[in-house]
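We did not get these values from a lab; they are worked out from the coordinates using the rules stated. As the structure is a prediction and not an experimental result, all values here were calculated from the model. Here the Cβ is made from the backbone with ideal geometry for all residues, glycine too, and neighbour counts use every protein chain on show.
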Amino acid sequence: MTPKQMIDFDARRESVLRAHLKQNPKYRATVRDRRVAFAAGVVRYFVGLGVVLFLLKTFLISQNGQDAYLAMVAPLLEHVSVDGVLAQAVAPDRYSTFLASAIADMTAPKPQTAASVPEALDRVIPGVSGS
């Protein structure tokens, strides 16, 4: 068999094997499962990205306040249509402001009630002032 005949034979054999493999129900189910798994992975990625961006927006609102946040995103909103998806995603909504107020309450500094430094140290490390 000449090398050209061998190449032609191998090409025909591979095409016949591929055709038989495509008719195999197990192979078709595996390909279908792979497509579903890929699509589910893409959906999970975008949902995770959305959650991270929502939490970032909430954190920025909690640390800077809603007015300062609106001032930060104002340059972005100038170039976007008002009814667009990006404008709605960036604008503060009631869920992000509610969660931001809860985060701000948790991270707000507590007022100091100690009258003197030794009294404050005694609260942090009992018995340090010796009284």
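For the reader, a short list of remarks on this structure follows.
- For LYS22, the lysines whose Cα falls under 30 Å of its own Cα, not counting residues fewer than eight places away in the same chain, are LYS4.
- Pairwise FRET efficiency - ARG94 versus LEU121, Cβ, R0 = 35 Å, nearest 0.05: 0.20
- Maximal additional length on extending the VAL42-VAL73 stretch stands at 8.4 nm, based on 0.36 nm per residue less the C-alpha distance.
- Principal axis dimensions, largest first and in whole angstrom, of the range 3-105 by Cα: 77, 29, 25
- From least to most packed, judged by other beta carbons within 10 angstrom and beginning with the fewest, GLU119, GLU78 follow the order GLU78, GLU119.
- Added length on full extension, which subtracts the Cα-Cα distance from 0.36 nm per residue, LEU86 to TYR27: 17.1 nm
- Each stretch of four or more DSSP H residues adds -39500 (n - 2.57); spread over every residue of the chain, this sum gives -26000 deg cm²/dmol at 222 nm.
- For peptides 99-107, 21-29, 61-69, sequence by mean Cβ density within 10 Å, most packed first: 61-69, 99-107, 21-29
- Point-charge dipole on Cβ atoms (K/R +1, D/E -1) for the chain, about Cα centre, debye to 20: 1340 debye
- Selection among VAL31, THR2, VAL47 by position relative to the dipole of the chain gives THR2 as farthest towards the positive end (Cβ unit charges, Cα centre).
- Only Cα pairs under 8 Å and 6+ residues apart enter the sum, and on that basis the relative contact order of the chain stands at 18 percent.
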